[in-house]
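Since the structure comes first, as structure tokens, the remarks are kept for the end.
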Amino acid sequence: MLAHNDENSFYDKKRQLNLHTKEGKSKFLKHICGLSNSNPANNSYIVVGVEDQDNEIIGTDFFDDSHIQNLVNAYLDNPPKIQYENVPFPNLPKDRVIGLVTIKPKNKVSSFKKGIHTIPAHSIFIRRGSNTTPTEDKIEKNYLNTATVIDLENNSRNNIQYTLDGFYDFMNSRHKNMDPKYKVFKELFVICWAGIPKTVRDKTFLSRVDIELINEHIKLFYSAQDVVTISFDQNSFTIIEYIPLGLNDKTSFYPLEQQTIYFFENGYYKIESKMLFEPPVFNKKMLFHIYNSNEALVNKLKKGMQLTPRELKDLENLPSTFMICYLNGFDDAKRKLIERKNLLKTFSRYLFFV
């Protein structure tokens, strides 16, 4: 893709994705709609982490694609299937990747079923060269890109040297002190992973996790904070991400999201994600007491009063405690936590220096 310096009717490039605002979502959805309608018989692509003017590879943060398909399904009629992959590049830091959005071919015309930002409902977009433009005309199916895209995809298949180089780099350089492991699927796909094991109540989790599909140069998971478990059989590899929640220093890990990659004999694979989270339920009377105690603690912090060691520990756990309260029906807890974000940031810096 990067060898094509100019954007075209099956390829767009972005410096970054901004899916936190309605404007950012609308721009992304517009390009998805236009590329899908202009390529009914072949994949189309968006490459993220590249400068538009000179094609410089600057990279972007690791991005979890689990919500992209839901976003596309929520706003588009006849939505195409979307896949997002995190692709490491040798000249980028280990926490930076190139994002590759693959838009699968869809024979039906995609359109906006509801409005977002400045795009009204029922809008239809197509791709003309490097521009995504609205149209009210009947869309004639364009199959001119098919041969070009197939040729490009075939030429980009990784060879054995790249796979071996990536494998030895992962096992012997990047993670040699973290007991890295690997598994080969269908005699073709190589997954490597590394992390720091921690056992909680007889269950072993991995933290500071890096998981990579080596032969495709795809980073499946990377995080310095989250904890995961890993399982696999002969045909699939499953990552379950957990979220730590607990009260009174009794932290438990609750399943948050499951990502499974399935491998097939014909040299293809697919990735499926599923949300698993179910909020933990606590005694309401106990939560009222803890909620009020934390409110008093915040007030002391606002007034600059000295806190006891026990109160300092409670304050450190306050974000987790307030989220538990919110998940158990304390509707104001989330709002109050957001309002106190800057105050708690100041407190965390103070703890670092102490």
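A few remarks follow.
- Of the listed requirements (1) surrounded by 12 or more Cβ atoms within 10 Å (Cβ to Cβ); (2) assigned to a loop (DSSP other than H, G, I, E, B); (3) out of contact with any helix residue (DSSP H, G or I) (no Cβ under 8 Å at 6 or more places or on another chain), E278 misses just one: (1).
- Qualifying residues in the stretch 91-106 (those that are surrounded by fewer than 17 Cβ atoms within 10 Å (Cβ to Cβ) and in contact with a Lys or Arg (Cβ under 8 Å, 6 or more places away or on another chain)) - the one modelled with the highest pLDDT: K104
- Qualifying residue in the stretch 130-142 (condition: modelled with pLDDT of 90 or more, surrounded by 13 or more Cβ atoms within 10 Å (Cβ to Cβ) and of a type outside the set (S, T, N, Q)): yes
- Residues of the stretch 50-76 that turn out to be of a type outside the set (V, I, T) and over 21 Å from R127 (Cα atoms), as a count: 12
- Flag for S223 being surrounded by 15 or more Cβ atoms within 10 Å (Cβ to Cβ) and among the small types (G, A, S): yes
- For the stretch 9-37, taking the residues that are surrounded by fewer than 21 Cβ atoms within 10 Å (Cβ to Cβ) and hydroxyl-bearing (S, T, Y), the one that is nearest to N145 (Cα to Cα) is identified as S26.
- Here I119 clears all of (1) surrounded by 19 or more Cβ atoms within 10 Å (Cβ to Cβ); (2) of a type outside the set (D, E, K, R); (3) in contact with a Leu (Cβ under 7 Å, 6 or more places away or on another chain) except the condition numbered (3).
- S207 over 22 Å from E265 (Cα atoms) and either surrounded by fewer than 11 Cβ atoms within 10 Å (Cβ to Cβ) or out of contact with any strand residue (DSSP E or B) (no Cβ under 8 Å at 6 or more places or on another chain) (or both): no
- Residue match in the stretch 53-73 (condition: surrounded by 14 or more Cβ atoms within 10 Å (Cβ to Cβ), at positive phi and small (G, A, S)): yes
- Residues of the stretch 74-90 classified as among the hydrophobic types (A, V, I, L, M, F, W, C) and either surrounded by 16 or more Cβ atoms within 10 Å (Cβ to Cβ) or closer than 24 Å to R128 by Cα (or both), total: 3
- Residues being β-branched (V, I, T), closer than 20 Å to E85 by Cα and without any contact (Cβ under 8 Å) to a residue 40 or more places away in the chain - total across the stretch 206-237: 4
- If you go through the stretch 88-142 and keep only what is among the aromatic types (F, W, Y) and over 30 Å from A224 (Cβ atoms), you end up with F112, F125.
- Test: D54 is modelled with pLDDT under 90 and under 17 Å from F221 (Cα atoms): no
- Selection status of R201, among the charged types (D, E, K, R) and either modelled with pLDDT of 95 or more or loosely packed, with under 13 Cβ neighbours inside 10 Å (or both): yes
The values are calculated or read from the model by the stated rules, or taken from the named source; none is laboratory data. Keep in mind it's a predicted model, so treat the numbers as computed, not measured. Positions of Cβ are backbone-derived with ideal geometry, glycine not excepted, and every protein chain shown enters the neighbour counts.
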